[in-house]
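The values are calculated or read from the model by the stated rules, or taken from the named source; none is laboratory data. Computed from a predicted model, the values in this text were never measured in an experiment. Using ideal geometry, Cβ is built from the backbone for each residue, glycine included, and neighbour counts are taken over all protein chains shown.
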Amino acid sequence: MSGSWVMWAVWGAPFLALLLLVIDDWRMQVLLLAGLYTLAAATVTAAWPLPLAAAQLVAGWLSGAILAIAQNIQLRRGAGPPSPLTGRLFRLLVAAAALVVIIQALPTLHAWWPQVPRRVVFSAMALFALGALHLAWTWQPLRLAIGSLTLLVGFWLIYAWLQHGLLLSGLLAVLQAMVAWAGGYLLVQGSSHEGQA
Amino acid sequence: MSALWIWWLFPLGVGLGLGLWPRGTTRQKARVAVVLNATLALAAALLPIDRVVPVLGYRVVLHLTPEMSILGRTFLWLDGQRPWLVALFGAAALWALAAPGARLAPDVPAWTLILPAGVVGALAAQDLLLALLILGLLGLAVIFLWVPPGRPTATRGPARYLAIWVLGLPLVLLTLSLLTGLETATWDNPDVRRAMGLMAIALALWMGLFPFHPVYPLLGESAHPARLLLGWHFLHVGLGLVLLRMPTVYLWIRETTAVYQGLRALAWVMIGVAGTLLPFQRHLGRAVGYAHMLTLGWSLLAWSLGSDLGPTAFWALYWPRTLWSVAWGWGLAVLALPHDQFDEATLTGQGRDWLPGALLAIAGLLAVAPWPGLPWWPGVAYALHHTGTIAWYGLVALGFAWVGSALTGARWARILLAPRGDNTAPPIRRWPDRAWAWLALAAWLGFNGLAKPLFHWATNSWPF
């Protein structure tokens, strides 16, 4: 694993995931998600051929686009209130605590997947934890979808070093697009329900 | 020609086409789905795989090959697995048959083709990782079944399900990645223990035990029960059959009692928790969710018997449970026709307008516990017998299941058959189409012993 841009990508991905957790503006969230996929794809090029990583990147961007369209439809029916500053601070604190735990447990976690570079294990576990925090905190379909996709990006980082194959990587890309599609669908259906209630 | 073209890609394609086709009523689409599913089930019973079958007076021969290769991965369907095809497409035909009577939307018959085809794809995948990825996709696809388009639906339950499903899936896939190359390892291997730890967390998530608010009742509150039971049926049968393959791939599982004991403990916790919480539900949909959790507990108990005895118990539960799900889903759907709500206030007295629906709803709740005499009692009794000495916690869980289901049945009998009082929900006015025909069919299939020979045929043909 070489190249300073790969290094940047490995450390940048958890940072973007952290921003995703605290930022409420949906446009920024979609942009950050696209950035997260770009960094993850850059990291994965160290293990996968470029076309395979690019296919995942396209699937990720497509997921962002699906969520943006769904959110746009939902906004026409009225947006929800933004979360208070204290709520965001709390999220930041819990995320920081989760990252500290991951750093502490990194030697043990790396022993689970010794063939995966240590920095990548950290990045993957951080994305996994930050994605799971999204899922634990909200019922809101956009956040749920973004959290699920963050978590799946974390999984992809480890998976890329463990498995190679066109069909498996293709199915993983479909899986990510499907998560976005399901999240977007729930976003639209939920808002139509609220509109009619 | 590969057999998988017939039983995987063809029904999947037709199902997707049928679902996306904008015209046609439920009845018309159900007709296509019933005929196709029944034909596929019949073809599976008659056509051998990997043997030349003469047709048209020996001038033409049909040779179905077992394997198919897609992008370098092998998919295989052996002749010994044909009973599974009969079971999957036979059940799908029953669901499609019930769809018009339950007044379900036109998208449901298409799902009766997509779901069994998806399960066939997962079972055909030789690589367990690939099989679980396919099931992962199927698990996401059912969200579109549970939240039908163009109909106001509460999305809280499906949103929760999405989170739980996505949390569990990477854990299962990482488990299988960790186990790569450890087919003949031993339980002492640290990688094996780590993998099993991840698997246990994933199973607890998917089985609704963690994080303490089971997803099933939430889904029951949000989605239509007939749609839910259809999705659950195929998803969990697919998961069960794929996981039953694990001991045949990872040979150390057969000798590791800790794995089976863990599964058994999980099963008993599910049965106990669901049985305890079942009578306290004021929403019939939530009761359906807990009831499903309870029946999943029985399946898990069957699975804990391992790859030698497990399939027998699994198939013993399959047909009766299928019939129960179809009949129950249909009864509940009809019962809620005028208002599409399943809360206590709306359903009060509705059973008086349509007694068969009320009786089916009550019988469905009663039937989740293994009362002796019910068609699935032999399956549960077999599982109980072969799990060895019944521990005290098992007896307690069984007691909770019995008492819980009896109390729930009594509660909903009181609600559904009470005078309407000040319930302003419109009563069920129109007698559902072919209600008696369907009831007679369900009774005939369920109680005249047809389930028994089917069960014997299925279990005797277990390929591993």
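Contact annotation: residue pairs with Cβ atoms under 8 Å, 6 or more positions apart or on different chains, pairing a residue in region B:57-81 that is within 14 Å of another protein chain (Cβ to nearest Cβ) and within 25 Å of A:Leu171 (Cβ to Cβ) with a partner that is assigned to a loop (DSSP other than H, G, I, E, B) and among the small types (Gly, Ala, Ser), are B:Leu71/A:Gly165; B:Gly72/A:Gly165; B:Arg73/A:Gly165.
If you go through region B:1-30 and keep only what is over 20 Å from B:Pro100 (Cα atoms), among the small types (Gly, Ala, Ser) and not in a helix (DSSP H, G or I), you end up with just B:Ser2. Of the residues B:Val147, B:Val166, B:Val142, the single one that is more than 7 Å from chain A (Cβ to nearest Cβ) and either among the hydrophobic types (A, V, I, L, M, F, W, C) or under 18 Å from the mean Cα position of the chain (by Cα) (or both) is B:Val142.
Of everything in region A:159-183, what is modelled with pLDDT of 90 or more and at the interface with another protein chain (Cβ under 7 Å from one of its Cβ atoms)? Give them in sequence order. A:Val174, A:Leu175, A:Met178, A:Val179, A:Ala182, A:Gly183, listed by residue number.
Return the residues of region A:1-53 that are assigned to a helix (DSSP H, G or I) and of a type in the set (Gly, Ala, Ser); say none if nothing qualifies. Spell out how you get there, then give the answer.
From region A:1-53, those assigned to a helix (DSSP H, G or I) are A:4-22, A:26-44, A:50-53; that's our starting set.
Of everything in region A:1-53, those that are assigned to a helix (DSSP H, G or I) and of a type in the set (Gly, Ala, Ser) turn out to be A:Ser4, A:Ala9, A:Gly12, A:Ala13, A:Ala17, A:Ala34, A:Gly35, A:Ala40, A:Ala41, A:Ala42, A:Ala53.
On the basis of being surrounded by fewer than 17 Cβ atoms within 10 Å (Cβ to Cβ), more than 9 Å from chain B (Cβ to nearest Cβ) and in contact with a Leu (Cβ under 9 Å, 6 or more places away or on another chain), does A:Gln115 make the cut? When the stated conditions are applied, A:Gln115 passes them. Is it true that A:Arg143 is within 12 Å of chain B (Cβ to nearest Cβ) and among the basic types (Lys, Arg)? For A:Arg143, the condition - within 12 Å of chain B (Cβ to nearest Cβ) and among the basic types (Lys, Arg) - is met.
Check whether at least one residue in region A:89-112 is facing another protein chain (nearest Cβ under 8 Å), touching a residue at least 24 places away in the same chain (Cβ under 8 Å) and either crowded, with 17+ Cβ neighbours inside 10 Å or in contact with a Leu (Cβ under 9 Å, 6 or more places away or on another chain) (or both), and report yes or no. Checked region A:89-112: no residue is facing another protein chain (nearest Cβ under 8 Å), touching a residue at least 24 places away in the same chain (Cβ under 8 Å) and either crowded, with 17+ Cβ neighbours inside 10 Å or in contact with a Leu (Cβ under 9 Å, 6 or more places away or on another chain) (or both).
When you look at A:Ala40, is it modelled with pLDDT under 90 and not β-branched (Val, Ile, Thr), yes or no?
Judged against the criteria, A:Ala40 is not a match.
For B:Gly90, the criteria (1) closer than 24 Å to A:Gln176 by Cβ; (2) of a type outside the set (A, V, I, L, M, F, W, C); (3) at pLDDT 85 or above hold in every case but one, which is (1). Tallying residues that are within 11 Å of chain A (Cβ to nearest Cβ), part of a helix (DSSP H, G or I) and surrounded by fewer than 18 Cβ atoms within 10 Å (Cβ to Cβ) within region B:194-213 yields 1. Among the numbered conditions (1) within 28 Å of B:Val147 (Cβ to Cβ); (2) buried (at least 17 other Cβ atoms within 10 Å of the Cβ); (3) at pLDDT below 80, the only one that B:Asp340 does not meet is (2). Restricted to region B:40-122, the set of strands (runs of 3 or more DSSP E) holding at least 2 residues that are out of contact with any Phe, Trp or Tyr (no Cβ under 8 Å at 6 or more places or on another chain) comprises B:52-55, B:60-63, B:73-76. Annotation note: of B:Gly220, B:Gly231, the sole residue that is modelled with pLDDT of 85 or more and in contact with a strand residue (DSSP E or B) (Cβ under 8 Å, 6 or more places away or on another chain) is B:Gly220. Of the candidates A:Phe90, A:Phe122, the single residue that is closer than 30 Å to B:Val192 by Cα and in a helix (DSSP H, G or I) is A:Phe122. Checking A:Thr150, A:Thr138 one by one, the residue that is at pLDDT below 90, within 17 Å of the chain's Cα centre (by Cα) and hydroxyl-bearing (Ser, Thr, Tyr) is A:Thr138 and no other. Just to verify a result, which residue in region B:174-188, among those that are without any contact (Cβ under 8 Å) to a residue 60 or more places away in the chain and in a loop (DSSP other than H, G, I, E, B), is nearest to the other protein chains (Cβ to nearest Cβ)? Looking at the filtered set, the residue picked out is B:Thr180.
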